[in-house]
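One structure is given here, and the rest of the page talks about it.
Values quoted throughout were computed directly from the atomic coordinates according to the rules given, and no laboratory measurement underlies them. Source: prediction; values computed, not measured.
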Amino acid sequence: KGLTEYAVAVGTWVDCFPTFASLDAVKLHATVTGPGLVYPQNVTSADFALQVEDDPYRNTEEGQGFPDQLFYKAAFYAAGARIDYPWAWRFHPLATSVSDAADVTEGEDDSKVQTTVLPQQPAQDPFPVGFLPEVDYGQLQALTRTLHVGGWVNFSFTIGSSTLNLEAMPLVRLTSHLENAGIYDRCYDLGGFEKSGETCWLYEKLKSVCIQVKSSGGWSLNQRNAGLGSSYGCHYDSGKWTPFEYERVEIHSGPGTVWPRPDGSADFTQVGVEVRSAQDPLFGAMELTSGGLSFGWTEEEEDVLSLVLLVVGIALVLQPLCIGYRRYRSWAKGGHPSRNWRRYRAQDTFDQYRHRDAAEMIGMRYETHDDL
């Protein structure tokens, strides 16, 4: 379901690929200010590198049965560490074909064995020390009653002659939410701590940044949801398309600490930043599948399932039909079923009274004249 629309998105991307993959002067700039910085920022810019790889459906179980025209080459610009997207676990590489392996005898070329695995993603150089300074967890500033922050970062992207500025976001944040009491309290399982009552506090630090861009004379941020102000990210997040992703940090301070916090300070050398085209079919697949990236079963798989269910249904119905047919034949031999039933019912009533009379005469054969 939705493969027709997905095929259109792939066709559009094939036409846009040469232009997007030939961009030059793609740079990232960052300005870090605010409380909690362990040392001042001493590197303010970083270069992006073009990354070209297969689409996520190629050589996976989810892509089995796809026609060849639905596979494509993805292109994006990356800086820092490789981003580990949460949707990546949905794709399972094709297993080794057992039948092919069985056909290879000793002494033959084992290249016949079809082993299909996902390609290893190329490693990327992390950001240099000082580009995103470390933040002390103990020096956060209370922004609201439920939010404490440390270190503000302003990212800006340069693509050719276009400059794209993002809103300021905290490098570290401490957020709170309510948890159910008793056995339903999941605060400590989430890596947080409870300050008072059922209020659970969680530490989070910036993990990745990814934006979508489009070309309309120049390059600009692509707002996928007109009702939201920052829906130009790569994380579907129930249709919010957030550009920033945070990861939780577990606390290690012992009991009795006024504000428990993680050990040391927050390090951001493993943060990843990417720039992707709004025409990337991956985003269209997310919208068509509500973030699940599964188009359902193919027509061939549905035909096989229909056949299996038909056979199982016939097997389940066959036995009751045989039982009903045998009973009908027995009734037919004894006359009309209703009259036959009344005849047996009358016989049952006669036997009931006969057994009752017999019960009243129990012991009478031992009776003597003296007992009377």
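For segment 264-326, the normalised intensity computed at q = 0.13 Å⁻¹ comes to -0.69 (log10 of I(q)/I(0), Debye sum over alpha carbons, equal scatterers, no solvent).
For the residue pairs K195/K240; K27/K240; K73/K205; K207/K240, alpha carbon separations beyond 21 Å are given by K195/K240; K27/K240; K73/K205. Using only Cα atoms, what Kirkwood radius does segment 136-215 have, in angstroms? The answer is 15.0 Å.
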